[in-house]
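In what follows, a single structure is set out as structure tokens and then discussed.
The values are calculated or read from the model by the stated rules, or taken from the named source; none is laboratory data. Because the structure is predicted, anything quoted here is derived from the model rather than measured. Cβ placement follows ideal geometry from the backbone for every residue including glycine, while neighbour counts extend to all protein chains displayed.
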Ligand SMILES: Cc1ncc(COP(=O)(O)O)c(C=O)c1O
């Protein structure tokens, strides 16, 4: 940082401030994580200098021999990790991975069927202000009102009636196991293609603690920066017969030059995830989520669908405080050093900007080495803050304890 401090003290200071913020708060945002020092180091290398339009062995520019070797390693590791026939590691993010699948598989005006955004889906699954919803016709499925879970019979009924060209399965805020095989059977019954978006649960799938969609779906997309614990980016896995179309959709269809520093960091994260220890890590993410969920339920908070099978949970704030919005709850918790996001809950009567829920996840806490004892303490703090009515004294008291816990469990990226 000393060079940066000289060149640009403002940015250097802000990076230091962010390091302090991450170190001294608890990250409960389910889509975030803390990467290893090896991933962090790789993402900050001079690979950022290199233009490598194209694919290994088929580049537009000269001087790509190291880029070729790096990208090939990333591809081979991704295929091995997920048991996939083909991998494209160039998507800059999860959204571009999804858009590339649409570009490869659909004509403009074709029909996509994805999960409703306000019940756990993602905006790249057909929101009307996202390119997915602007370019394609869209129809949605959701969760059942009584169980707040996906119901395959309902999805099948909708798919038969709506006749989508592509069924999209995957979520940003769904706390239960997804039956990818069941979804793939529906797609084959109605004769459409299927995309499984495992952006959130990729680490759980890679570790074998959540069923994999890879054997059942033509396309699987993911981000690398959530439970997979890698750099910010995306990946597309697909069947061999779609490889050429997918590669062309990413480049030159949707993107220009790949981010070689990020692709190298993806390769490092795949190697880390191939390590047998990663399975234990992923299992602990789930065990921690279950522990946090149980503690919150014991304190009287209702969780959407009654609990969790994965890395996240949705707290229905109305279950104890009718007037508390997700917006206010997230702000109060942040003042105490507990960072999470507001979230709609299924059939929410409040607009998304207010929301009646908060989404809590355990990947980042698990990456710091925390376990069930820490989950119990965190649940107690969440409870205290939510019941405090936004009292600043309560926030200060909890903040002190949060910082003490943070010091005991440093974030991994700062190790050398
Ligand atoms: C299910 C799902 N798909 C795709 C994305 C998009 O990822 P990105 O923000 O990298 O575009 C997300 C991000 O949260 C997600 O939850």
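Data overview
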{"quantity": "Residue 208 vs. criteria assigned by TED's automatic domain parsing to the domain that holds residue 166, within 23 Å of residue 360 (Cα to Cα), touching a helix residue (DSSP H, G or I) at 6+ places or on another chain (Cβ under 9 Å) and more than 16 Å from the ligand (Cβ to nearest atom)", "calculated": "yes"}
{"quantity": "Scan of region 330-366 for residues that are crowded, with 21+ Cβ neighbours inside 10 Å, out of contact with any strand residue (DSSP E or B) (no Cβ under 7 Å at 6 or more places or on another chain) and within 23 Å of residue 176 (Cβ to Cβ), ordered by number", "calculated": "346, 362, 363, 366"}
{"quantity": "Neighbours by Cβ (under 9 Å, 6+ apart or cross-chain): first from region 310-321, closer than 12 Å to residue 173 by Cβ and outside the structural domain of residue 119 (by TED's automatic domain parsing); second modelled with pLDDT under 95 and crowded, with 24+ Cβ neighbours inside 10 Å", "calculated": "314/120"}
{"quantity": "Failed criterion for residue 164 (all others in (1) in contact with a strand residue (DSSP E or B) (Cβ under 9 Å, 6 or more places away or on another chain); (2) within 16 Å of the ligand (Cβ to nearest atom); (3) not in a helix (DSSP H, G or I) hold)", "calculated": "(2)"}
{"quantity": "Failed condition for residue 213, given (1) within 14 Å of the ligand (Cβ to nearest atom); (2) in a helix (DSSP H, G or I); (3) more than 14 Å from the chain's Cα centre (by Cα)", "calculated": "(2)"}
{"quantity": "Residues (within 21 Å of the chain's Cα centre (by Cα) and away from the ligand (no atom under 16 Å from the Cβ)) located in region 24-34", "calculated": "25, 26, 34"}
{"quantity": "Yes/no for residue 325 being touching a strand residue (DSSP E or B) at 6+ places or on another chain (Cβ under 9 Å), closer than 28 Å to residue 203 by Cα and not assigned by TED's automatic domain parsing to the domain that holds residue 170", "calculated": "no"}
{"quantity": "Exclusive hit being within 30 Å of residue 38 (Cα to Cα) and within 26 Å of the chain's Cα centre (by Cα), set 378, 345, 382", "calculated": "378"}
{"quantity": "Subset of region 301-322 (residues that are part of a loop (DSSP other than H, G, I, E, B) and touching a helix residue (DSSP H, G or I) at 6+ places or on another chain (Cβ under 9 Å))", "calculated": "301, 307, 308, 309, 310, 311, 320, 321"}
{"quantity": "Top-ranked residue of region 1-58 - restricted to ones that are outside the structural domain of residue 122 (by TED's automatic domain parsing), touching a strand residue (DSSP E or B) at 6+ places or on another chain (Cβ under 6 Å) and assigned to a loop (DSSP other than H, G, I, E, B), ranked as farthest from residue 244 (Cα to Cα)", "calculated": "25"}
{"quantity": "Count of region 188-205 residues which are assigned to a helix (DSSP H, G or I) and within 11 Å of the ligand (Cβ to nearest atom)", "calculated": "1"}
{"quantity": "Of the criteria (1) closer than 16 Å to residue 253 by Cα; (2) in a helix (DSSP H, G or I); (3) in contact with a helix residue (DSSP H, G or I) (Cβ under 6 Å, 6 or more places away or on another chain), which one residue 70 fails", "calculated": "(1)"}
